[in-house]
1. Could you list, in sequence order, all residues of segment 59-94 that are loosely packed, with under 10 Cβ neighbours inside 10 Å and either of a type in the set (S, T, N, Q) or farther than 22 Å from residue 42 by Cβ (or both)?
2. Which one is modelled with the highest pLDDT among residues in segment 29-54 that are among the polar types (S, T, N, Q) and assigned to a loop (DSSP other than H, G, I, E, B)?
3. As an exercise: evaluate residue 16 against (1) crowded, with 16+ Cβ neighbours inside 10 Å; (2) in contact with a helix residue (DSSP H, G or I) (Cβ under 6 Å, 6 or more places away or on another chain); (3) modelled with pLDDT under 90 and give the number of the one condition it does not meet.
4. I'm trying to understand the selection: among the residues of segment 48-86, which are aliphatic (A, V, I, L, M) and closer than 23 Å to residue 33 by Cα?
5. Check 65, 26, 57 and return the single one that is at pLDDT below 90, within 14 Å of the chain's Cα centre (by Cα) and not charged (D, E, K, R).
6. Within segment 22-39, count every residue that is touching a Phe, Trp or Tyr at 6+ places or on another chain (Cβ under 8 Å) and either closer than 14 Å to residue 83 by Cα or basic (Lys, Arg) (or both).
7. Test residue 51 against the criterion of being surrounded by 15 or more Cβ atoms within 10 Å (Cβ to Cβ), closer than 27 Å to residue 8 by Cβ and out of contact with any His (no Cβ under 7 Å at 6 or more places or on another chain), and give yes or no.
8. Every residue in segment 17-28 that is part of a strand (DSSP E or B) and touching an Asp or Glu at 6+ places or on another chain (Cβ under 6 Å), please.
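The values are calculated or read from the model by the stated rules, or taken from the named source; none is laboratory data. Every value quoted in this text rests on a predicted model; they were computed, and no experiment measured them. Heads up, the Cβs are rebuilt from the backbone with ideal geometry, glycines too, and the neighbour counts pull from every protein chain shown.
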Amino acid sequence: MMASGGAGVAGLRVGIKKGGCAGMEYTMEWAAAQAPFDEVVEQNGAKVLIDPKAVMYLLGSEMDYRTEKLSSQFVFNNPNQTSACGCGESVNLAPATAG
């Protein structure tokens, strides 16, 4: 997938934004460069850049790419998720707590 992003792609930037019926949505976009305060996760040749504004909502999260019979999509397993809408497009997230 990194190669399909095109030349000059530094990684996949993951973040969150307000929106959807549950209150928040995950965002993903190809990043041309790493921003100064991005958290960086690298595994198996993939580089994920986490928007610093989203870090407290994504701590402890697992992100996977699944291909099934009817769809291919990123799936988040986020311990900070408190609820989700029925259609699965938006979530309600609480900031991670120390502990």
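1. Within segment 59-94, 67, 68, 69, 70, 71, 72, 86, 87 meet the criteria.
2. The initial filter retains those residues of segment 29-54 that are among the polar types (S, T, N, Q), namely 34, 43-44.
Then keep just the ones that are assigned to a loop (DSSP other than H, G, I, E, B); that gives 34, 44.
Working: 34: 93, 44: 85.
Top of the filtered list is 34.
3. (3) is the only condition that residue 16 fails.
4. Within segment 48-86, the first condition is being aliphatic (A, V, I, L, M), and the residues that meet it are 48-50, 54-56, 58-59, 63, 70, 75, 84.
Passing the criteria: 48, 49, 50, 54, 55, 56, 58, 59, 63.
5. Working: 26 fails: at pLDDT below 90; 57 fails: at pLDDT below 90.
Testing whether each residue is at pLDDT below 90, within 14 Å of the chain's Cα centre (by Cα) and not charged (D, E, K, R) leaves just 65.
6. We begin by selecting, within segment 22-39, every residue touching a Phe, Trp or Tyr at 6+ places or on another chain (Cβ under 8 Å); these are 24, 26, 28.
Right, trim to either closer than 14 Å to residue 83 by Cα or basic (Lys, Arg) (or both) and you get 24, 26.
So the count comes out to 2.
7. On the way: surrounded by 15 or more Cβ atoms within 10 Å (Cβ to Cβ): yes; closer than 27 Å to residue 8 by Cβ: yes; out of contact with any His (no Cβ under 7 Å at 6 or more places or on another chain): yes.
So residue 51 passes the test.
8. First, pick out the residues of segment 17-28 that are part of a strand (DSSP E or B): 17-19, 23-28.
Correct list: 17, 19.
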